Amino acid sequence: MLELFFDSQETALLPVLMSSAWSPALINLSLLLTFPGPDGEKTWPKKYPFCGGVFQSPIDFHNDILQYDTTLLPLELVGYNVSSTDHFMLTNNGHSVRMSLFPTMHIRNLPFQYTATQLHLHWGNRNKPEGSEHTVSGRHFAAELHIVHYNSDKYPDVTAAIDKSDGLAVLAILIEIGPFNPSYEKIFSHFQNVKYKDQIALVPGFDIQELLPDQLDEYYRYEGSLTTPPCYPSVLWTVFRHPVKVSQEQLLALETALYCTQPNDPTPLEMVNNFRHIQEFDERLVSVSFRQGKGTFIISNLQMGKLRKRKTFSTFYRKSVPEWDRTQEYWLPAFFESLDNTAALSIK
């Protein structure tokens with residue numbers, strides 16, 4: 001679940017970490033439900049229509065939907081190496097563990113510059129360690145890390161960007177069991193300090209790029225959505241082909257250390273299985289930056305230009321949103337200007 005939830009009814013504190021000291025800034029933040037039982041996700045569209053709409057995430061990457069795209073470039077990560085004299089803030093928000101990132105961190109080689117805002121994790125449970133959101137040929141991985149960025153070329157902050165078609169870019173790292181990972185331990189070692197909801201810990205700065213696989217030039221790329229309500233289709237996903245490894249002991253700490261509830265809650269609830277299930281693919285194609293044998297076809301620069309001009313979003317939003325302006329070639333972000341209005345949209 002991509003954890004960016006905004007609601008006019010609730011507020012929370014999010015740190016703006018500019019140095020070793022942090023100052024709080026108020027933003028609207030809705031700590032929405034996670035996945036209460038097998039039918040939890042099925043109830044989302046009743047209140048949040050986009051959750052039952054198109055361009056939803058996560059998805060399964062299988063060969064017949066992959067297209068090799070010669071225009072995709074290795075990502076360039078700027079400002080990811082943070083001094084240990086500065087600190088990130090790690091928070092248990094009741095549905096994941098989230099670490100706020102510095103606004104000096106950026107991604108380049110995307111259509112716009114995207115600025116980092118936070119990272120968080122998704123996992124399963126100790127009996128079924130298959131907690132990744134995305135899958136490859138039907139295979140789940142043990143966990144998944146999301147590093148969330150917003151389009152800082154066009155929008156002043158993540159609040160303004162969250163509901164725009166080009167608003168967010170997320171780096172997704174698949175995690176599997178292997179040797180001990182000292183880089184991930186820089187976060188995992190603080191879990192006991194954020195065991196319960198609303199607890200906070202400061203994490204000394206380190207190079208966030210250490211959390212990514214070595215090969216940043218091999219990835220899946222597609223246009224998708226937030227994976228929790230309100231499920232806006234506002235995310236440019238980059239899911240790296242090669243997983244990173246953490247030890248069995250590290251994974252077990254992730255699966256058992258955290259609770260959705262506060263310390264004094266009489267019925268403590270373990271934080272497990274905080275991932276959304278695979279969504280229908282809606283005839284989309286996934287661009288890949290690598291060749292993968294049969295089933296992956298080549299898309300040329302000319303073809304990609306035509307696809308971008310057509311803007312695949314428009315095809316589905318013409319069908320999905322009654323107020324679609326058919327004189328426009330691109331989908332209209334005006335539908336998302338008011339969160340209250342989104343509940344009235346009828347997505348079929």
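The values are calculated or read from the model by the stated rules, or taken from the named source; none is laboratory data. Every value quoted in this text rests on a predicted model; they were computed, and no experiment measured them. Neighbour counts run over all protein chains shown; Cβ positions are idealised from the backbone, glycine included.
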Count of the stretch 239-296 residues which are over 19 Å from Gly224 (Cβ atoms), among the polar types (S, T, N, Q) and in contact (Cβ under 8 Å) with a residue 60 or more places away in the chain
9
Of (1) more than 30 Å from Asn63 (Cβ to Cβ); (2) at pLDDT below 95, Val203 satisfies every one except (2)
If you go through Glu185, Glu176, the only one that is surrounded by fewer than 21 Cβ atoms within 10 Å (Cβ to Cβ), touching a residue at least 60 places away in the same chain (Cβ under 8 Å) and in a helix (DSSP H, G or I) is Glu185
Mind listing just one residue for me: the one in the stretch 275-300 that is among the aromatic types (Phe, Trp, Tyr) and at pLDDT 75 or above and, of those, farthest from the chain's Cα centre (by Cα)?
Phe290
Residue count, the stretch 129-155, condition free of Cβ contacts under 8 Å to residues at least 60 places away in the same chain and more than 11 Å from Ile175 (Cα to Cα), comes to 8
Residue match in the stretch 195-205 (condition: under 20 Å from the mean Cα position of the chain (by Cα), surrounded by fewer than 17 Cβ atoms within 10 Å (Cβ to Cβ) and either of a type in the set (S, T, N, Q) or assigned to a strand (DSSP E or B) (or both)):
no
If I filter the stretch 154-169 for residues that are closer than 27 Å to Phe102 by Cα, buried (at least 22 other Cβ atoms within 10 Å of the Cβ), out of contact with any strand residue (DSSP E or B) (no Cβ under 8 Å at 6 or more places or on another chain) and among the acidic types (Asp, Glu), do I get at least one hit?
yes
If only one of Leu236, Leu254, Leu216 is surrounded by 14 or more Cβ atoms within 10 Å (Cβ to Cβ) and in a loop (DSSP other than H, G, I, E, B), which one is it?
Leu216
Looking at Thr228, is it of a type in the set (Ser, Thr, Tyr), buried (at least 21 other Cβ atoms within 10 Å of the Cβ) and on the phi < 0 side of the Ramachandran plot?
yes
Filtering the stretch 52-98 down to residues that are β-branched (Val, Ile, Thr) and either in a strand (DSSP E or B) or within 19 Å of the chain's Cα centre (by Cα) (or both) yields Val54, Ile59, Val78, Thr91, Val97
Please enumerate the residues belonging to the stretch 153-179 that are among the hydroxyl-bearing types (Ser, Thr, Tyr) and closer than 13 Å to Leu226 by Cα.
Ser165
